[in-house]
1. Leaving ligands, DNA and RNA out of it, report the carbon-plus-sulfur percent of the accessible area of the protein assembly as shown at a 1.4 Å probe.
2. Please give me the summed charge of the neighbours of residue A:19: other residues whose Cβ is under 13 Å from its Cβ, Lys and Arg +1, Asp and Glu -1.
3. Roughly how many whole Å is it from the C-alpha centroid of segment B:65-97 to that of segment A:1-74?
4. Of the listed peptides A:92-105, A:20-33, what is their order by residue-averaged count of other C-beta atoms within 10 Å, with the highest listed first?
5. Under a 10 Å cutoff between Cα atoms, tell me which one of B:69, B:49, B:58 has the largest fluctuation in the Gaussian network model of chain B.
6. Quick one: net charge of residue B:13's neighbours, Cβ under 14 Å, K/R +1, D/E -1?
7. When you count, for each residue, the other Cβ atoms within 10 Å and take the mean per peptide, how do A:78-87, B:31-40, B:74-83 rank with the highest first?
8. Would you mind telling me which residue in A:47, A:89, A:64 has the biggest mean-square fluctuation in a Gaussian network model of chain A, where springs connect alpha carbons within a distance under 10 angstrom?
Amino acid sequence: DVKVTQSSRYLVKRTGEKVFLECVQDMDHENMFWYRQDPGLGLRLIYFSYDVKMKEKGDIPEGYSVSREKKERFSLILESASTNQTSMYLCASNPPGGAYEQYFGPGTRLTVT
Amino acid sequence: AQSVTQLDSQVPVFEEAPVELRCNYSSSVSVYLFWYVQYPNQGLQLLLKYLSGSTLVKGINGFEAEFNKSQTSFHLRKPSVHISDTAEYFCAVRSQFYFGTGTSLTVIP
């Protein structure tokens, strides 16, 4: 059974903290993605990676960075968390090309106080 | 450029009634179209997808969708809904880059 796992389901952090969200997939997929999900806004792409050490900005990269040192792992970093980054964060992966569906992790609900 | 519009943000429907969730897309090139479902406190999972061929696509849990090129639509339908269908539904073009804002389906007993 294919699997995308995220390091935490719920996370509470303070303003200004550095936050790491980890995502691991076991399907040997080239592509990995980070989205944030907010009510009424749907899914918005933060960053994606199509290979190890490669990254591309999505629609809302400001305030975030990413790291992909190994094919199976894609990390999202909030350099200095702010309250407007309180959200649900979803990781996904798929093979290259637009015809393949994505496989999603269960999400991390991050609250920044 | 491509974009996706889900016209209804919330759809309440009684149990065993039919439902249609609407999705329109804009694209100047050939499209791949997807519907995903998100149950409460879970990630998204694929319901069905259209890549080419027959315009009527059947998915899991009794859902189906019809690709209409002339109307640039890909509406999702189910003839009889269950309580367990209560969830958020997302339409997407080319899978990873273009998602609609979602439709919250609530099935009323």
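1. Answer for the protein assembly as shown is 51 percent, counting heavy atoms of protein chains only.
2. Charge balance in the 13 Å sphere: +2.
3. 25
4. The packing order, highest mean first, is A:92-105, A:20-33.
5. Among B:69, B:49, B:58, the largest mean-square fluctuation in the Gaussian network model of chain B belongs to B:69.
6. Neighbourhood net charge equals -2.
7. B:31-40, B:74-83, A:78-87
8. Highest fluctuation among the options: A:64.
The values are calculated or read from the model by the stated rules, or taken from the named source; none is laboratory data. None of these values were measured; they are calculated from a predicted model. Cβ sites come from the backbone with ideal geometry, for glycine too, and all protein chains shown count toward neighbours. Note: areas computed on protein heavy atoms with side chains; ligands, DNA, RNA excluded. Shrake-Rupley method; radii C 1.70, N 1.55, O 1.52, S 1.80 Å.
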